[in-house]
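Working notes, structure below.
The values are calculated or read from the model by the stated rules, or taken from the named source; none is laboratory data. What you see is a predicted model, and the numbers here were worked out from it, not measured in a lab. Neighbour counts are summed over all protein chains in view; Cβ atoms, including those assigned to glycine, are modelled from backbone coordinates with ideal geometry.
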Amino acid sequence: FAAFDSLVLAANVAGDATIQARELMVTDEAYVGGDLRYSAEMASGPVEGVGTSVVVAPWNADAPDTPNPAAALLWWLLRTIMLIIGLALLAWLLLRFFPKTLDEPTAAIAKAPVEATLWGVVLVALAVPLAVGLALLASIFWNWFPGGVAVFAFAFGAFGLIWIVSPLITGFWLGRWAADRMRVDWSQLTVLLLGMLAVVLTGRILALVPCVGAVAYRLVYLFSLALAVGGWALARRNSHSAEAGSNQLTVE
């Protein structure tokens, strides 16, 4: 398929071809091995004999739609603002009612960032196999419905929740790191919001880069997710180790 304002067809096409152009000119050297379907306001040259069969579609002056850079930029800005507002509200709620949800994994990341990253990469890679394995195990005891479906949905729901919260955990760690380096005494909410902004804006700005922007945007969020998952895993391990040590002291 090709859509242009003006097109000169002078090449050989092995298969079918669909062309949409305001002005179409076909040369004597042009050949389409399959069917040619075209829509043009003005067509010149040996169009009828260029393909096995030629189908003329009605010309639509409004097509193809050309992307509007201003509208795309406005939509990007709106999506970025809505994402920041949503994460800011979630950050306030978690700090107000569930502070350990952010504080424990953030502290674990600060203590061992490399280990947290490695753990996170492994756990993220195993997320789908683990969810499928748990669903199959649940199906053995409670059949595929409701057992397998419920466990699979719960596993992916938990993974999705961590995905949403991950910019807050990573941002909290970044904000604390920056505050320590600058030797400033910011509030917990300020530290969290500034770090979250750094993560979100980095990903969103990279998304504007042509060709590789979408990939770079997803890589930023995947790294944030891996770091958050690794921090959560280390926090759970540290918590269990502390409980085991406390129980041992109590027994002695």
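Structure notes:
- Annotation note: of LEU77, LEU90, LEU73, the sole residue that is surrounded by 10 or more Cβ atoms within 10 Å (Cβ to Cβ), under 23 Å from THR202 (Cβ atoms) and touching a residue at least 24 places away in the same chain (Cβ under 8 Å) is LEU90.
- Qualifying position, being buried (at least 19 other Cβ atoms within 10 Å of the Cβ) and modelled with pLDDT of 85 or more, among LEU168, LEU189: LEU168
- So THR190, is it of a type outside the set (A, V, I, L, M, F, W, C), farther than 14 Å from LEU95 by Cα and free of Cβ contacts under 8 Å to residues at least 24 places away in the same chain: no
- Among the criteria (1) aliphatic (A, V, I, L, M); (2) modelled with pLDDT of 90 or more; (3) farther than 19 Å from SER224 by Cα; (4) touching a Phe, Trp or Tyr at 6+ places or on another chain (Cβ under 8 Å), the one ALA110 does not fulfil is (3).
- When residues in the range 190-214 are screened for being in contact with a Pro (Cβ under 9 Å, 6 or more places away or on another chain), farther than 10 Å from PHE172 by Cα and not β-branched (Val, Ile, Thr), 1 of them pass.
- Considering the range 118-146, and only residues there that are under 19 Å from the mean Cα position of the chain (by Cα) and of a type in the set (Gly, Ala, Ser), the residue that is surrounded by the fewest Cβ atoms within 10 Å (Cβ to Cβ) turns out to be ALA125.
For (1) surrounded by 15 or more Cβ atoms within 10 Å (Cβ to Cβ); (2) at pLDDT below 95; (3) closer than 20 Å to LEU87 by Cβ, each residue gets a yes or a no:
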site	(1), (2), (3)
ARG176	yes, yes, yes
VAL184	no, yes, no
ARG204	yes, yes, yes
PRO210	no, yes, no
ALA216	yes, yes, yes
LEU222	yes, yes, yes
LEU234	yes, yes, no
ARG237	no, yes, no
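- Checklist (1) surrounded by 23 or more Cβ atoms within 10 Å (Cβ to Cβ); (2) of a type in the set (Val, Ile, Thr); (3) in a loop (DSSP other than H, G, I, E, B) applied to VAL199, failing item: (3)
- Candidates PHE172, PHE145, PHE152, filtered to the one that is touching a helix residue (DSSP H, G or I) at 6+ places or on another chain (Cβ under 6 Å), more than 26 Å from THR80 (Cβ to Cβ) and among the aromatic types (Phe, Trp, Tyr): PHE152
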